[in-house]
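A short worksheet on the structure shown next.
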Amino acid sequence: MMEGFSDSDEYSLYGQQTVESRDAVLNNNNENTASSNVDLSISTVDSIVQVRSPSPVNITVQSSDRVSSHTEVDELEFLNNCRDAGVVHILGNTVVRARRDSIFYKKIAVDYIYAFLRKICREHSVIFNVPHESLLNKFSPLLLLRLAYQSLGVVYGDLGTSPLYVFNNTFPHGAKDKEDVIGTLSLIIYSLTLVPLIKYILIVLRANDNGQGGTFALYSLLCRHANIKIIPNLHRTDEELTTYSRSTIVEKSFAAKIKRWIEAHEFAKYMILILVLIGTSMMIGDGILTPTISVLSAVGGIKLIIADVDNKVVVLVSVAIIVGLFSLQHYGTDRVGWIFAPIVLIWLLLIGGIGIYNILNSDSSVLKAFSPIYIYRYLRRGRREDWTSLGGIMLSITGTEALFADLAYFPVLSVQIAFTILVFPCLLLAYSGQAAYLLNNLDHTQDAFYRSIPDKIYWPVFIVATAAAIVASQATISATSSIIKQARAHGCFPRVKILYTSKKFLGQIYIPDINWILMVLCITVTAGFENQSQIGNAYGTAVLFVMLVTTFLMILIMLLVWHCHWIFVIIFGASSLLVELPYFSAVLLKVDQGSWVPLAIAGAFFIVMYVWHYGKLKRYEFEMHSKVSMAWVVGLGPSLGLVRVPGIGLVYTQLSRGVPHIFSHFITNLPAIHSVVIFVCVKYLPVYTVPEEERFLVKRIGPKNIHMFRCVARYGYKDLHRRDDDFENKLFDSLFLFVKLDYLMEGCSDSENYSVYEQTPVESNENTLSSNVDLSVVTVDSIASLQPSEGGCDELEFLNKCRDAGVVHILGNTVVRTRSDSTLFKKIAINYIYGFLRKICRENSVLFNIPHESLLNVGQICYV
């Protein structure tokens with residue numbers, strides 16, 4: 001009874017991935033036999049249908065070139081192997097110049113105006129969204145320098161403003177002797193060398209996910225290379241996406257053993273997820289503390305010139321700047337971003353120049369701190385205050401974690417050039433200059449940066465410092481919003497409204513709810529602490545947690561993704577932890593002096609994210625276990641035992657296969673349903689983006705006369721799903737294309753599967769007599785150019801009439817409750833925390849922008 005229309009797990013991506021052949025069109029050689037119903041008479045260049053069958057088939061070619069089936073299969077296998085090896089995009093970088101004998105106006109137009117326009121306009125790689133790592137177009141030195149310059153304002157604002165507060169937090173009560181200053185400077189120099197330069201710039205940046213950075217980008221890489229995703233909503237068709245890149249692990253290698261062990265233990269999967277959530281929650285805390293310490297440190301310089309200014313005035317001015325900064329977030333960084341790079345560039349040049357000035361005029365002997373022996377001398381004394389001062393020293397590397405999170409805006413090479421050529425030398429000069437000044441003024445550690453500035457340029461530096469602090473805050477806020485969006489896409493953050501602030505840059509987003517929560521918390525921290533040292537302790541704790549999480553995730557990346565030898569993995573892990581763990585122990589000693597703040601903030605966000613993910617997992621398991629069998633649906637008959645009203649019903653569900661329980665619940669309580677029912681599953685995959693042409697998967701559910709379909713809309717964590725007219729039109733275009741192809745292929749195969757690009761088996765819906773031909777690839781143009789059979793035209797006309805009659809969106813309103821025998825912690829997590837989060841977060845109808853007049857909510861209770 002179910003033969004030919006079972007609801008298997010297979011999909012067909014119609015009209016979206018094509019394989020074109022310019023040489024041959026395949027035809028069935030047995031066209032005279034009575035048992036074959038194949039009609040491949042349409043053989044244009046654009047309507048190529050590949051023939052493949054597990055059983056022997058006689059194949060002929062309708063062109064002058066005769067190719068055997070065996071040769072074609074070999075070539076297809078060769079092409080697939082080449083594709084798996086990697087796709088490289090080769091773009092021309094043509095320089096246009098006028099000839100020597102050209103007229104004067106032509107030289108001006110070509111050599112100057114046109115050349116200038118080419119330099120400032122966007123590259124083809126950006127327009128075509130070509131991943132930087134697969135691009136063979138060599139950037140010109142001038143272009144790389146321009147991109148490196150632009151990265152200053154977005155990537156290095158936070159790291160560049162660290163000299164404002166490092167010595168202040170290292171010596172809150174003043175330095176005791178010159179050895180302390182030299183030892184501190186030596187620690188700063190080698191911390192900047194080992195962590196930002198070697199660890200992040202040279203190693204971690206290579207672990208980007210197609211240009212995306214952050215903890216969830218690393219997690220996505222791991223999910224693609226190992227089965228560690230907690231919610232099992234992946235389908236094997238998802239692995240065939242062009243952006244679903246992954247490498248193959250050698251079966252008997254050490255990496256393969258680690259992979260099998262992780263996949264076999266649920267505890268290991270949860271520990272990786274917990275690590276990612278800890279890093280994300282600490283990054284949110286970083287987004288709260290960065291504006292606080294940066295703005296307070298910059299504004300605090302006014303006290304040195306105007307002696308009557310009280311600390312409360314500094315706090316009020318800082319709060320006003322913070323309120324203004326968060327209030328302008330809805331305009332987007334692209335509106336004011338053009339001024340970020342010059343501000344940071346001027347700032348770096350100023351602090352580097354001031355550093356040179358102080359080295360030459362104060363004490364040039366400070367340069368002996370480049371010898372690591374002074375680190376040993378500083379720490380061997382064993383004093384508690386020397387060890388706790390590490391918490392202030394590590395502030396010199398704050399902003400490094402945001403460097404990786406903000407990576408999406410620029411190529412890795414340009415970020416590396418900016419750091420090595422400009423940022424790193426300027427920071428070394430700035431810290432060396434402050435240390436040289438302190439050697440002669442040991443009691444000036446408070447506001448050491450402003451005290452070391454020459455009087456003639458004090459006010460210009462103060463203005464630039466305040467502007468640079470705002471830029472640093474903006475960069476961290478943007479990184480926080482990006483990470484929250486990634487967390488929501490992975491099902492680890494409640495539903496919040498996300499808005500695009502730029503039509504050109506999809507990465508620039510604005511989250512109103514989170515923006516105002518961050519602003520309130522930022523103001524609370526700014527006004528609640530007595531001094532900057534406590535804020536510095538809190539800031540350092542948040543940054544170190546993020547760095548430690550990155551280290552542990554990078555160890556897994558090196559094993560499972562890069563397939564590094566275990567010796568190199570141990571060297572990386574040991575050297576990273578050797579630097580980070582002493583700093584971590586130092587900030588933990590200051591828990592009562594401000595370090596508790598990021599722990600409290602991150603703890604609250606961690607509970608929210610983990611409980612939300614746990615609740616979503618239980619809802620998914622409930623839907624999987626309670627889904628309706630196809631036998632029950634078919635048993636209802638052509639009308640499903642209901643009144644079929646004109647129109648199309650879009651039933652939203654988490655399931656990408658099977659009939660959801662919400663459908664049976666709906667028709668049980670209301671015995672009427674629309675003439676056409678489409679189950680819509682919107683799911684996010686562990687990839688940075690899903691190309692538009694690969695967005696939708698369409699298939700038919702059950703026999704044709706009940707008119708039920710499924711459409712799976714797939715998104716990456718960088719994509720943003722919006723239920724608008726464009727989304728709806730693309731959904732119906734994919735549906736109509738599916739119906740056309742379905743009727744065109746009727747009678748062409750008795751095979752149960754056909755697929756797109758020979759890899760995705762998709763269930764066929766009709767049986768035929770005895771043909772063994774398998775039609776697997778059809779182009780979009782060929783389908784559009786062909787006319788379906790009479791039955792296909794009738795169904796297309798029927799679908800159009802139903803669409804004109806109206807589209808209704810049916811959403812499930814599932815209430816999750818624990819069973820009576822559940823543990824106390826589970827009851828608190830589900831009944832109270834998860835229930836509260838569901839009440840305060842935005843509804844799916846709001847996120848999808850569904851009009852209320854076309855919305856139906858179906859309530860049900862899920863006991864977990």
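The values are calculated or read from the model by the stated rules, or taken from the named source; none is laboratory data. Just so you know, these numbers come straight off a predicted model, no measurement behind them. Ideal geometry is used to build each Cβ from the backbone, glycine not excepted, and the neighbour counts take in all protein chains shown.
Restricting the first member to segment 287-316 and to residues that are without any contact (Cβ under 8 Å) to a residue 40 or more places away in the chain, and the second to residues that are surrounded by 15 or more Cβ atoms within 10 Å (Cβ to Cβ), the beta-carbon pairs closer than 6 Å and six or more apart or on different chains are VAL309/ILE302; VAL309/LYS303; VAL314/VAL299; VAL314/GLY300. Scan segment 455-474 and tell me whether some residue there is in contact with a Ser or Thr (Cβ under 7 Å, 6 or more places away or on another chain), under 20 Å from PRO342 (Cβ atoms) and assigned to a loop (DSSP other than H, G, I, E, B). No, the conditions are met nowhere in segment 455-474.
Taking segment 249-267, which residues are surrounded by 14 or more Cβ atoms within 10 Å (Cβ to Cβ), out of contact with any Lys or Arg (no Cβ under 8 Å at 6 or more places or on another chain) and in contact (Cβ under 8 Å) with a residue 12 or more places away in the chain? Result: SER253, PHE254, ALA255, ILE258, LYS259. Number of residues in segment 275-305 that are farther than 17 Å from ALA320 by Cβ and surrounded by fewer than 24 Cβ atoms within 10 Å (Cβ to Cβ) equals 4. Which of the residues that make up segment 176-194 are surrounded by 23 or more Cβ atoms within 10 Å (Cβ to Cβ) and either touching a Ser or Thr at 6+ places or on another chain (Cβ under 6 Å) or not in a helix (DSSP H, G or I) (or both)? Result: THR184, ILE188. Scan segment 526-543 and give yes if some residue there is at pLDDT 90 or above, of a type outside the set (Val, Ile, Thr) and at negative phi, otherwise no. Scanning segment 526-543, I find no residue that is at pLDDT 90 or above, of a type outside the set (Val, Ile, Thr) and at negative phi, so the answer is no.
Hey, among the residues in segment 312-370 that are of a type in the set (Val, Ile, Thr), surrounded by fewer than 17 Cβ atoms within 10 Å (Cβ to Cβ) and at pLDDT 85 or above, which one's farthest from ALA430 (Cα to Cα)? It would help to see each step written out before you state the result.
Just the residues of segment 312-370 that are of a type in the set (Val, Ile, Thr), to begin with: 313-315, 317, 319, 321-323, 333, 336, 339, 343-344, 346, 351, 354, 356, 359, 366.
Next, from what is left, pick out any that are surrounded by fewer than 17 Cβ atoms within 10 Å (Cβ to Cβ): 313, 323, 336, 339, 346, 356.
When the remaining residues are screened for being at pLDDT 85 or above, the result is 313, 323, 346, 356.
Values: VAL313: 28, VAL323: 30, ILE346: 13, ILE356: 8 Å.
Ranking the candidates gives VAL323 first.
Would you confirm, using the coordinates I've provided, whether GLU623 is at pLDDT 90 or above and among the charged types (D, E, K, R)? Before you say what the answer is, go through the steps one by one.
Details: at pLDDT 90 or above: no; among the charged types (D, E, K, R): yes.
When the stated conditions are applied, GLU623 does not pass them.
Taken together, LEU655, LEU640, LEU650 contain a single residue that is among the hydrophobic types (A, V, I, L, M, F, W, C), surrounded by 18 or more Cβ atoms within 10 Å (Cβ to Cβ), at pLDDT below 80 and outside any helix (DSSP H, G or I), which is LEU640.
Taking into account only those residues within segment 419-448 that are modelled with pLDDT under 90 and crowded, with 22+ Cβ neighbours inside 10 Å, which is farthest from ASP180 (Cα to Cα)? Here the answer is ALA448.
Can you confirm whether ARG451 is under 20 Å from the mean Cα position of the chain (by Cα) and either outside the structural domain of SER533 (by TED's automatic domain parsing) or among the basic types (Lys, Arg) (or both)? Steps first, please.
Numbers: under 20 Å from the mean Cα position of the chain (by Cα): no; either outside the structural domain of SER533 (by TED's automatic domain parsing) or among the basic types (Lys, Arg) (or both): yes.
Judged against the criteria, ARG451 is not a match.
Note on segment 682-728: residues that are among the small types (Gly, Ala, Ser) and either part of a strand (DSSP E or B) or at pLDDT below 85 (or both) total 2.
Take the residues in segment 559-595 that are of a type in the set (Gly, Ala, Ser) and buried (at least 20 other Cβ atoms within 10 Å of the Cβ); name whichever of them is farthest from LEU222 (Cα to Cα).
Of all residues in segment 559-595, those of a type in the set (Gly, Ala, Ser) come to 573-576, 585-586, 594-595.
So of that shortlist, the ones also buried (at least 20 other Cβ atoms within 10 Å of the Cβ) come out as 576, 586, 594-595.
Numbers: SER576: 20, ALA586: 31, GLY594: 35, SER595: 31 Å.
In this case the residue turns out to be GLY594.
Residues are listed down the side, and each one gets a yes or a no for (1) of a type in the set (D, E, K, R); (2) farther than 30 Å from THR689 by Cβ; (3) in a helix (DSSP H, G or I):
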residue	(1), (2), (3)
ILE514	no, no, yes
GLY536	no, yes, yes
GLY540	no, yes, yes
CYS564	no, no, no
PHE568	no, yes, yes
PHE584	no, yes, yes
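Within segment 399-406, is there a residue that is among the hydroxyl-bearing types (Ser, Thr, Tyr), part of a helix (DSSP H, G or I) and either at pLDDT 90 or above or surrounded by fewer than 24 Cβ atoms within 10 Å (Cβ to Cβ) (or both)?
We begin by selecting, within segment 399-406, every residue among the hydroxyl-bearing types (Ser, Thr, Tyr); these are 400.
From what is left, the residues that are part of a helix (DSSP H, G or I) are 400.
Narrowing further to those that are either at pLDDT 90 or above or surrounded by fewer than 24 Cβ atoms within 10 Å (Cβ to Cβ) (or both): none.
Within segment 399-406, none of the residues are among the hydroxyl-bearing types (Ser, Thr, Tyr), part of a helix (DSSP H, G or I) and either at pLDDT 90 or above or surrounded by fewer than 24 Cβ atoms within 10 Å (Cβ to Cβ) (or both).
Within segment 790-808, being surrounded by 15 or more Cβ atoms within 10 Å (Cβ to Cβ) and either under 28 Å from VAL608 (Cβ atoms) or of a type in the set (Asp, Glu) (or both) holds for one residue alone: GLU795.
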